[in-house]
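Asks: Could you have a look at this structure, given as structure tokens, before my questions?
The values are calculated or read from the model by the stated rules, or taken from the named source; none is laboratory data. Note that this is a predicted model, so its numbers are computed, not measured. Neighbour counts run over all protein chains shown; Cβ positions are idealised from the backbone, glycine included. Note: accessible area is taken over every heavy atom of the protein model, side chains too, but ligands, DNA and RNA are not part of it. Shrake-Rupley method; radii C 1.70, N 1.55, O 1.52, S 1.80 Å.
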Amino acid sequence: GTDALVLALMALEVGSGDEVITSPFSFFATVEAIVMVGAVPVFVDIEPDTYNINPDLIESAISSSTKAILPVSLYGQCADIPRINELANRHSLPVIEDGAQSFGAEIQGAKSCGISTIACTSFFPSKPLGCYGDGGACFTSDSAVHERLRALRDHGQKGRYDHHYIGLNARLDSLQAAVLIAKMQIFEDEIRERNKVAERYAELLAQHSPSVRAPVIRNGNLSVYAQYTIALSDRDEVQKKLATEGIPTSVHYPIPLHRQPAMKDNYRIFGNLECAERAAKAVLSLPMHPYLAPEDQLNVVEQLSKAIIEN
């Protein structure tokens, strides 16, 4: 997935001195890829409920140095790519969707990874569609970009020993491809099951822990629920108590990208990033997979409710 992001930026010739507008609330690979090609990330705050980049703030962050917009479709739900595409078109900018967590999701009837100039996803084992190791993919409907991507992923060669670009060794292993082909046969079924699990969580939380903020899915969106992420004011203490009861949870992500030590001053911030800062202190991902049993979900929510009361 990281290679996919780097390849996408390389294919669009994003490089030194260019700016790429993106979210400060994501896995580090999003910003790492931008910096690796020599560009400067420009962070725009997120929406307080979906945790995706706020499209209302993007246009004002565009400068003469902006070369691309890179929204992240976080936790399994698409960012508002249609709106982002509209403003990008006004400024003749490409859009790269970081769909590492959203492959299979839908927005307004369109599929994630099929609605931007280039889209990237990850097939890491923990993703909704995962292989048995590292893997990822780029998607585009632009034939020229497609040709360039295919060359860049194989040392920049258009034919054997015919190198047109400085590229990468980023081909997907045949073994991982075989695993993905097999798993694709049940992928749509697993998406439906993930949504059933999410619906049960929402019902149980409403009954047992109404103060907990469940995931917000925009009308017209279908999430693949790469994570089922709630928000708590006392997240850290609740997480510790859940751990003592054998309930595994994760925090995606505790440190916003602009506060990562590796970033130093190699970024620009547009406005404030208050929503990203608050989210980093509040989000907690509960167990989520398509085969999660109802009785296990009940136990998770009951233990969560108990931890909140005790805290």
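Asks: Can you pull out every residue in the range 123-156 that is part of a strand (DSSP E or B), in contact with a Leu (Cβ under 9 Å, 6 or more places away or on another chain) and closer than 18 Å to VAL72 by Cα?
Replies: Selection gives GLY136, ALA137, CYS138.
Asks: Please count how many residues of the range 268-304 are among the polar types (S, T, N, Q), assigned to a helix (DSSP H, G or I) and open to solvent by 20 Å² or more (accessible area, probe 1.4 Å).
Replies: Selection size over the range 268-304: 2.
Asks: If you scan the range 250-260, which residues turn out to be among the hydroxyl-bearing types (Ser, Thr, Tyr) and crowded, with 18+ Cβ neighbours inside 10 Å?
Replies: TYR253, the sole residue that qualifies.
Asks: A follow-up question, please. What about THR121, is it under 24 Å from ALA178 (Cα atoms) and open to solvent by less than 20 Å² (accessible area, probe 1.4 Å)?
Replies: Considered against the rule, which asks whether it is under 24 Å from ALA178 (Cα atoms) and open to solvent by less than 20 Å² (accessible area, probe 1.4 Å), THR121 comes out as yes.
Asks: Return the residues of the range 124-145 that are charged (D, E, K, R) and within 17 Å of LYS183 (Cβ to Cβ); say none if nothing qualifies.
Replies: LYS127, ASP134
Asks: Within the range 242-266, track down each residue that is assigned to a loop (DSSP other than H, G, I, E, B), within 24 Å of CYS78 (Cβ to Cβ) and touching a strand residue (DSSP E or B) at 6+ places or on another chain (Cβ under 7 Å).
Replies: Once the filter is applied, which keeps residues that are assigned to a loop (DSSP other than H, G, I, E, B), within 24 Å of CYS78 (Cβ to Cβ) and touching a strand residue (DSSP E or B) at 6+ places or on another chain (Cβ under 7 Å), the range 242-266 yields VAL251, HIS252.
Asks: Look through the range 217-245, keep the residues that are open to solvent by 60 Å² or more (accessible area, probe 1.4 Å) and not hydroxyl-bearing (Ser, Thr, Tyr), and return whichever of them is farthest from ASP45 (Cα to Cα).
Replies: Selected residue: GLU245.
Matching residues to (1) surrounded by fewer than 18 Cβ atoms within 10 Å (Cβ to Cβ); (2) modelled with pLDDT under 95; (3) under 30 Å from THR50 (Cβ atoms); (4) among the aromatic types (Phe, Trp, Tyr):
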site	(1), (2), (3), (4)
HIS155	yes, no, no, no
ILE166	yes, no, no, no
ASN169	yes, no, no, no
SER209	no, yes, yes, no
PRO215	no, no, yes, no
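Asks: Please give the number of the condition ARG192 fails out of (1) surrounded by 13 or more Cβ atoms within 10 Å (Cβ to Cβ); (2) not in a loop (DSSP other than H, G, I, E, B).
Replies: Every listed condition holds for ARG192 apart from (1).
Listed here are the residues, each with its yes/no results for (1) more than 22 Å from the chain's Cα centre (by Cα); (2) among the basic types (Lys, Arg); (3) under 24 Å from ASN54 (Cβ atoms).
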position: GLY246; (1), (2), (3): yes, no, no
position: ARG259; (1), (2), (3): no, yes, yes
position: GLU274; (1), (2), (3): no, no, yes
position: ILE309; (1), (2), (3): yes, no, no
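Asks: Take the range 157-171 and flag every residue that is in a strand (DSSP E or B) and not basic (Lys, Arg).
Replies: Matches in the range 157-171: GLN157, GLY159, ASP162, HIS163, ASN169.
Asks: Now, a different point. Kindly establish whether LEU180 is touching a Ser or Thr at 6+ places or on another chain (Cβ under 9 Å), open to solvent by less than 30 Å² (accessible area, probe 1.4 Å) and either free of Cβ contacts under 8 Å to residues at least 60 places away in the same chain or assigned to a helix (DSSP H, G or I) (or both).
Replies: no
Asks: Tell me yes or no: at least one residue of the range 225-241 is aliphatic (A, V, I, L, M) and part of a loop (DSSP other than H, G, I, E, B).
Replies: Yes, the range 225-241 contains a residue that is aliphatic (A, V, I, L, M) and part of a loop (DSSP other than H, G, I, E, B).
Asks: Kindly establish whether PRO210 is within 21 Å of the chain's Cα centre (by Cα) and not in a helix (DSSP H, G or I).
Replies: Taking the combined requirement at face value, the residue does not satisfy it.
Asks: Sort out for me the strands (runs of 3 or more DSSP E) sitting completely within the range 1-107 that have 2 or more residues that are crowded, with 24+ Cβ neighbours inside 10 Å and of a type in the set (Asp, Glu).
Replies: Output list reads 96-98.
Asks: Filter the range 284-302 down to the residues that are in contact with a Lys or Arg (Cβ under 8 Å, 6 or more places away or on another chain) and either closer than 15 Å to GLN207 by Cβ or not aliphatic (A, V, I, L, M) (or both) and list them by number.
Replies: Residues satisfying the conditions are HIS289, PRO290, PRO294, GLN297.
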